[in-house]
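Chemist: Take a look at the following structure, please.
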Amino acid sequence: MSSSALGNEPQNTTQPSTHPPTHPAPAPSKMALGAWTALLVLLGAELLNILDQSVVLTALPAIQESTGAGPAALQWLTTGYSLPVAVGLITGGRLGDLYGRRRMLLVGTVVFTTASLLCGLAAGPGVLIAARLLQGVGVALMIPQVLATLHVTFEGQNRSKAFGLYGAVLSLANVLGPVMGGLLTEADLFGLSWRPIFLVNVPVGLAVIFVGRKFIPESTVKKADRLDLTGMALSALAIVLIIFPLTEGHLHHWPLWCFAMLAAGLLALGVFLRHQQRKQNNEPLVPLSLFRGRQFPGGTAAQLMQGLLCGLFFMTWTLYLQRGLGMSPFHAALAFVLLSLGELAGATIAAKSAGRFARRLPQAGALITIAAMAGYGLQAAGGQAEVTLLAMTAPVVLIGFGLGMVGGPLADLSLAKVPHEDAGAASGLFNTAMHLGIALGTALTALAFFATTGGSSDAGLNRDAFLTVLWWVGSLLALMWALMFCLPKQADNQTD
């Protein structure tokens, strides 16, 4: 459905991809007010997700002091959010395909908003962790609908602009999350300490619900006779068995049960894929036809690489800044702000280009990031004592700028050829690739970083370990760049 058709009333966009509109209208150069409103609501839902991944980090000391939470409980305040998100994305995406993407987005927002209120009212760590788990469930229902709705609603230049703004919102949220968490906790509004970081979600969530109900068009495929419950269970089991040990393993020095869970997860994944093969003609959870071409699987693999390098780089970078360079947490946070501002600038350029350069834009972003990483590595190798925040500004901003050019265009081009009836499933898989990649990247820190430092705070060891990480990250960026050759070369989304 063209974005020009968006009005004040929700519209049913049920139309299998094999039956295109009889009289398709050309994509307008400017989006109508209703389309802009729908886009803002969708991006607001995405912003809630990204913010809540990071806003809690700067509030952890205050939460620990207020609730008496121990180290394990603090860890589960982040893991308890990310795990149900990763587990539920595929199922959430398919539910949107079958029962309505707007409906699932609103249901997920209701769950997320309710859970945010429970987080803000929690008196102890147990209730807070349970509420964080519920937040993750809500996000797993919400987030696949964002990319899927953008895919089926916008066309032409408007579609590329929408995905470009999607990438810009991701970058903006990376800046706002830690900053907002620190400011709201420090402000101690009404004597509530850390609680406003969750309570602020309530009015935003309510706005998404009421405005989204009016302006976001409904899109669905058809009513399913029954949902693939076996596929849901198998996919959830496989993802838990893979992501949980990758997340927890380095904290427990990789005991045997981690490898046993990983092996069981791979076995469950094999059983799931076999089950999906048998279900292809009977409402499968994952349509395997998505993987017949090279565009979607290649783009999803590139997304996996992006998650890997983010999980590996960001965790080790903060350790290098504070242990290798002796920066305070505040100055280390400023370095992240510099990178995020560069990322926002890159995403803005990507949004303004509106798809004119096809795969060349994200590939250029990958090359810029590789060059900036190399420059940063040379700077770090030259002597850590001289590397101040001011001195590292240029390479750090360029790293962010390059990464910002990748996110939105990669999502747009990867989903471009996906049939509308499978948009939710494809969005769920695409988002799952990022979460799985981050988990794998975090696990790689044991090999790429901690194997050198041994947990030591020695500045030289941390510098040497970080230089090793930069080699790994550069290799992952090069692989991501190569995988993007699977994306369309032409701006009209035609493959080579």
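Chemist: In nm, what is the difference between 0.36 nm times the number of residues separating Leu33 and Ala207 and their Cα-Cα distance?
Modeler: Working: separation 174, 0.36 × 174 = 62.64 nm, distance 1.71 nm.
Using 0.36 nm per residue and subtracting the Cα-Cα distance, I get 60.9 nm.
Chemist: If the viscosity is 0.890 mPa s and the temperature 25 °C, what translational diffusion coefficient in µm²/s does Stokes-Einstein give for the range 388-496 when Rh comes from Kirkwood over Cα pairs?
Modeler: Translational diffusion coefficient: 146 µm²/s.
Chemist: So what is the relative contact order for the chain, in percent, with contacts set as C-alpha pairs under 8 Å and at least six apart? Don't skip to the end; give the middle numbers.
Modeler: Working: 908 pairs, mean separation 112.9, N = 496.
Relative CO of the chain lands at 23 percent.
Chemist: Taking 0.36 nm per residue of sequence separation and subtracting the Cα-Cα distance, how much length would be gained by fully extending the chain between Thr78 and Leu192, in nm to one decimal? It would help to have the intermediate numbers written out before the result.
Modeler: Numbers: separation 114, 0.36 × 114 = 41.04 nm, distance 2.07 nm.
This chain segment gains 39.0 nm when fully extended.
Chemist: For the range 352-496, calculate the relative contact order in percent as a whole number, restricting contacts to Cα pairs under 8 Å that are 6 or more residues apart.
Modeler: Working: 133 pairs, mean separation 59.1, N = 145.
Relative CO of the range 352-496 lands at 41 percent.
Chemist: Given a 1.4 Å probe and every protein chain left where it sits, what share in percent of the accessible area of the chain is carbon and sulfur?
Modeler: Its accessible area is 68 percent carbon and sulfur atoms.
Chemist: Taking the C-alpha atoms of the range 87-132, how large are the radius of gyration and the largest Cα-Cα span, Dmax, in Å?
Modeler: That works out to 13.1, 39 Å for Rg and Dmax.
Chemist: Pick out, in residue order, every one of the trypsin sites (Lys or Arg not before Pro) in the range 292-330 that is DSSP loop and has at most 12 other C-beta atoms within 10 Å; say none if there are none. Let's see the in-between values first.
Modeler: On the way: sites: Arg292, Arg294, Arg323; in loops: Arg292, Arg294.
Within the range 292-330, the qualifying trypsin sites (Lys or Arg not before Pro) (loop, at most 12 other Cβ atoms within 10 Å) are Arg292.
Chemist: Under 28 Å between alpha carbons: how many lysine pairs meet that in the chain, if sequence neighbours fewer than 8 apart on the same chain are excluded?
Modeler: Lysine pairs meeting the criterion: 20.
Chemist: Another question about this same structure. Among 146-152, 261-267, 461-467, 203-209, how do they line up from the highest to the lowest mean number of other beta-carbon atoms within 10 Å? Provide the component values of the computation, followed by the final result.
Modeler: Numbers: 146-152: 27.0, 261-267: 16.0, 461-467: 21.1, 203-209: 18.1.
Ranked from most to least packed, the peptides come out as 146-152, 461-467, 203-209, 261-267.
Chemist: Per-residue HN-Hα couplings for the range 296-309, Karplus 6.51 cos²θ - 1.76 cosθ + 1.60 at θ = phi - 60°, whole Hz, x for Gly and Pro?
Modeler: In residue order, the calculated couplings are 5, x, x, x, 5, 5, 5, 5, 4, 5, 5, x, 4, 5 Hz.
Chemist: Sticking with this one: Kindly rank 423-435, 358-370 from highest to lowest mean number of other beta carbons found within 10 Å of each residue. Please report the intermediate quantities before stating the final value.
Modeler: On the way: 423-435: 26.3, 358-370: 23.0.
The most tightly packed comes first, giving 423-435, 358-370.
Chemist: Okay, next question. With N denoting the number of residues in the chain, provide Rg(C-alpha) divided by 2.2 N^0.38 Å, to two decimal places. It would help to have the intermediate numbers written out before the result.
Modeler: Numbers: Rg = 22.0 Å, N = 496, 2.2 N^0.38 = 23.3 Å.
Scaled against compact globular proteins, the figure is 0.95.
Chemist: Provide the packing ranking of 398-408, 475-485, 34-44, i.e. peptides ordered by the mean count of other C-beta atoms within 10 Å per residue, highest first. Before the final figure, lay out each step's value.
Modeler: Details: 398-408: 27.1, 475-485: 19.6, 34-44: 21.6.
Order by mean packing, descending: 398-408, 34-44, 475-485.
Chemist: Per residue, how large is the accessible surface of the range 235-347? Use a 1.4 angstrom probe and give square angstrom.
Modeler: Details: 4880 Å² over 113 residues.
Computed with neighbouring chains in place, this is 43 Å² per residue.
Chemist: Please work out the FRET efficiency for the pair Phe314 and Asp458, using the Cβ-Cβ distance as r and a Förster radius of 25 Å; give the result to the nearest 0.05.
Modeler: Working: r = 21 Å, r/R0 = 0.86.
Step by step, r from the Cβ atoms, then E = 0.70.
Chemist: Applying 1/(1 + (r/R0)^6) with R0 = 41 Å to the Cβ-Cβ distance of Gln277 and Arg360, what FRET efficiency is obtained, to the nearest 0.05? Spell out each step's value before the answer.
Modeler: Details: r = 36 Å, r/R0 = 0.88.
The pair Gln277/Arg360 has a calculated efficiency of 0.70.
Chemist: Now, a different point. Could you work out the Kirkwood radius for the range 227-283, taking every pair of different alpha carbons, averaging 1/r and inverting it, reported in Å?
Modeler: Values: mean 1/r = 0.0834 Å⁻¹.
So the Kirkwood estimate lands at 12.0 Å.
The values are calculated or read from the model by the stated rules, or taken from the named source; none is laboratory data. On a predicted model such as this, the values are computed, not experimentally measured, just so you know. When we count neighbours, we look across all protein chains shown, and the Cβ atoms used for this are built from the backbone with ideal geometry, even at glycine. The protein model used for the area step is the full one, side chains on, heavy atoms only, and it has no ligands, DNA or RNA in it. Shrake-Rupley method; radii C 1.70, N 1.55, O 1.52, S 1.80 Å.
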